[in-house]
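Take a look at the structure below.
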Amino acid sequence: MLHHVFVSYSRRDSAWVDALIDELVRRRVPFWIDREGIPFSVPWRKEVEDAVQACDLFLVCDSGQWRASRACAEEASFALSFGKTRQEIPVGRDVGVAAEQVAPVWAEAVRRHGSATELAVKAQEWHASGRKGKGLASWRLRRQFEALRKVRKPSSVERAYLAASRRRNRRRAAASVLLTFLLLVTYLSFRVAPGVEDEVNRRLAEQAGRYRDARDAIAIVQDDPYRGLNLAAELGENESAADADILEEALAVDVPDDAFVLPVAGRHFADPTVGPRVRIVGQDGTLWGRNTDDRARRQAFRLSGDATVQPAEDVTDPSLSLVWQANSSRIRVLREDQEWRTVNLTSTARAAQLSPDRRWAAVATDAGVALVDLFRGTVRDLLRGAPAPLTDLAWADGGDRIWGLTGRSVVSWDVTDGDVLLDRPDEWFQDVLPASDDGQVWVTSRNGTMRLLERASGDVVRTVKVKGTLNYAAADDDGKNAAVVDGDNSRVRIVSLSSGRSNAVEIPSDCTPWRPAYSLDGRTFYLPCQNNEILVVDVESRRQKATIRVPGLGTTAVALTSDGNGLLVGTVGGNVYSVGTSSGARPRLLLQVHCRPQILDIATAPGSRILPVGVGTGLSGCTQAAHADGDGAYAWDAFIDSPPDSVLALGAAYDPSGKAFAIGFSDGTVVLHPSANIQPRQTLAHISGGVRSMLTLPAAGSGATGSDLYIATRAGTLIRIAWCPSCLSNKAMARVARQRLRRAESLGLYEPPPASHAPTATTRNPT
């Protein structure tokens, strides 16, 4: 909406403001008012900024509460930066009189500044949409905008918008002349055109057919995972995006990697969790089993002993339970007999079991086994490939495997992604930091605890306690010092990682600090403040030695460039800047992410690769990665991840070579990409809790090669995943598909048809 009054007010004055709004409505004065709560969220803050830019009059409902409000001050700063006409009306004044004062001021503001407002908004929208043809000014409107040059100097974006509009107007003016010429050319080329048209149509049909085949193949994967693997196994000869889509879908479906059969139909598992031996009670009351590590054995053996189900022991949270009704697709999660989560499934629940650590629930349905993350109450994965719907489930003692029973068949899925180095269910892990010893790593917790771990075993070597909440942390590359941020109280401390001593760093009162970044030599760290500043802090003296200012509103992320000679800065508005490390350095805008999300983390890699992530990551237009394109310029590639339950990414990392990168989302999803082609990607859906940060380190140990990705989660886990950039290709994924098919054949779940060497389903539409 353009040409309105923006109403800035304190929520404590809402009663008076509502009455004023009624009076403005009677006088047909258009208005925009923020009804959201305080503090408003990052996306909503952007809505507020846009509304201020689009208004012609900024109306202040003046009161003591308004002057004390930080949100109102931010709105006022928007109005000041956009040069808006400002009018102040004291709260408590007769609303009729107030409205009479507002109406003429607004009308005059529209007359004097309306065209300037419209130009600013249209130019910004055109810039945010990628500077495409849509939204350019018509000939008449452009002349009106260009007349503004006499009274104000247009911004760089406005100048570019007017120039693009002028070029389009000229092209349209020439269209009538060109039309006659084109008709003549078309007539003279009549005999040649059919051949050219046939070739174009042939290529278009070939391309359309390829994507139609990919769409059909994905439908097959959704119908039958093994037929999908059959299709995927035949691919890999090229790195096409269509083939990548098929491979991603086929390998995203988890199928059993272990199975055996019973001589009789099974009734249920004999134990609440499975230890060294999986035991099943038959329908006739007999007891059968198999050693869990004897994966070559395909037949259960008879066991002696009591066939009654044993009670669960050492349960992490005995107050947690699952409740559902027969023929219902809704699962209720109770905590201390009170409803805590409600999970809606796509099909009827047949059986359900809580994981030993009480982070997950496995629910057997007609469609497969739904893996529910109890932290969020959402289905994170669907385990398929069983020969029929399951009637009972059991978790392994360690929570790394799920066993299922159907008739005479017992199947099992591995539900781990990486190695769990540290598990503290009652804590919220925040950051992973390098240590002075290459065989160790630090992990921080929001409760102020910092732990030093052995990377090989996960054993805790030392613990350091820091006062207050630990919202963000960063360490120098040598692991000597860490800068920790208590964002709740706007405090920053430097912690000696060798002695554990910490000392406060004085920062300005208007600085809301975010995650810092250290220089390569460790003598300086850079602290982003949401007031558009980056504080340059000397580690030895613990004093601010310089300030770097960044345009726009809100500096929320900072990272060193890959060569360490500069900084990359992300903002609330989705801007990414490069800037020198000295005071007074002038920032250079590298990119404005199209949907203008808040940037919360920036990953870098050799080859000048840049990956900014934050609010909206995964959505179309919100996720872009860059690589150097010569002469200091960058080429930006947009892509879509769109994980199932989150569009907020709090962590990102490259492997040391820069050939692959990872994005960690707030629902726990981690997506791995090849840097060159972006696809095929690998989605890790078995990490509980939200990803808070990531760190790449060379593999530890003598003679070790490769590198590892460390992931800290809100659920109190530290996960290690081995980097494998070469695994992220169509050729490599097709090889994995063939391996899964061979394994399915050896398990007796599927057998190859007589006319083919590729395994196919022995049952129709396996779950």
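Just so it is clear, none of the values below were taken in a lab; they were calculated from the coordinates. Every value quoted in this text rests on a predicted model; they were computed, and no experiment measured them. So basically every Cβ, Gly included, is an ideal-geometry build from the backbone, and we count neighbours across all protein chains shown.
Report Rg (one decimal) and Dmax (nearest whole number) for segment 463-552, counting Cα atoms only, units Å.
Answer for segment 463-552, Rg first and Dmax second: 12.2, 40 Å.
If packing is taken as the average number of other Cβ atoms within 10 Å across a peptide's residues, how do 496-506, 566-576 rank, most packed first? Present the calculation step by step, with values, prior to reporting the outcome.
Details: 496-506: 14.0, 566-576: 24.2.
Order by mean packing, descending: 566-576, 496-506.
Using θ = phi - 60° and the Karplus relation 6.51 cos²θ - 1.76 cosθ + 1.60, list the HN-Hα couplings for segment 73-88 in order, rounded to whole Hz, with x at every Gly or Pro.
Ordered by residue, 3J(HN,Hα) equals 5, 5, 4, 5, 5, 4, 4, 5, 5, 8, x, 7, 5, 10, 10, 10 Hz.
Residues in segment 514-541, backbone N under 17 Å from the label point at E506 (7 Å along the Cα-to-beta-carbon vector): list them, ranges by number please.
535-541
Taking θ as phi - 60°, what are the ³J(HN,Hα) couplings along segment 395-400 by the Karplus curve (6.51, -1.76, 1.60), each to the nearest whole Hz, with x for Gly and Pro?
Using θ = phi - 60°, the values come out as 8, 6, 3, x, x, 8 Hz.
Given 20 °C and 1.002 mPa s, compute D for segment 258-414 with the Stokes-Einstein relation, Rh being the Kirkwood radius over Cα pairs; round to the nearest whole µm²/s.
The Stokes-Einstein estimate is 135 µm²/s.
With each label point set 7 Å from Cα along the Cα-Cβ vector, what nm distance links R93 and A107?
1.8 nm
Counting other C-beta atoms within 10 Å, which of C727, C511 has the fewest, and how do the rest follow?
So the residues, fewest neighbours to most, are C727, C511.
Nearest 0.05, what FRET efficiency do T391 and N447 give at R0 = 45 Å with Cβ-Cβ as r? Kindly include the intermediate steps, with their values, before the conclusion.
On the way: r = 43 Å, r/R0 = 0.95.
After rounding to 0.05, the efficiency reads 0.55.
Does anything in segment 89-105 have its amide N under 14 Å from the 7 Å Cα→Cβ label point of A15, and if so which residues?
It comes to 92-93, nothing else.
Starting from the 7 Å offset along Cα-to-Cβ, what nm value, one decimal, do you get for the label separation of E234 and D284?
Each label point lies 7 Å from its Cα, and together they span 4.5 nm.
Roughly how many Å is it from the Cα centre of segment 566-603 to that of segment 218-264, as a whole number?
41 Å
For segment 378-454, what does the equivalent ellipsoid look like in terms of its semi-axes, each the square root of 5 times an eigenvalue of the Cα gyration tensor, given largest first in whole Å? Could the numbers behind the result be given before it?
Values: eigenvalues 280, 35, 21 Å².
Each semi-axis is the square root of five times an eigenvalue, giving 37, 13, 10 Å.
Quick one: net charge of R523's neighbours, Cβ under 13 Å, K/R +1, D/E -1?
Details: positive: K480, R542, R543, K545; negative: D476, D477, D478, D521, D538, E540.
Residues close to R523 contribute a combined charge of -2.
Counting every Cα pair in segment 504-575, what percent are over 19 Å apart? Display every interim value, and only then the final one.
On the way: 714 of 2556 pairs.
That fraction is 28 percent.
Contour minus end-to-end for T416 and Q65, with contour as 0.36 nm per residue of separation and end-to-end as the Cα-Cα distance?
Numbers: separation 351, 0.36 × 351 = 126.36 nm, distance 5.22 nm.
Difference between extended and current length: 121.1 nm.
Estimate the FRET efficiency between F639 and D426 by the formula 1/(1 + (r/R0)^6), using the beta-carbon distance for r and 25 Å for R0, to the nearest 0.05. Display every interim value, and only then the final one.
Values: r = 37 Å, r/R0 = 1.48.
It comes to 0.10.
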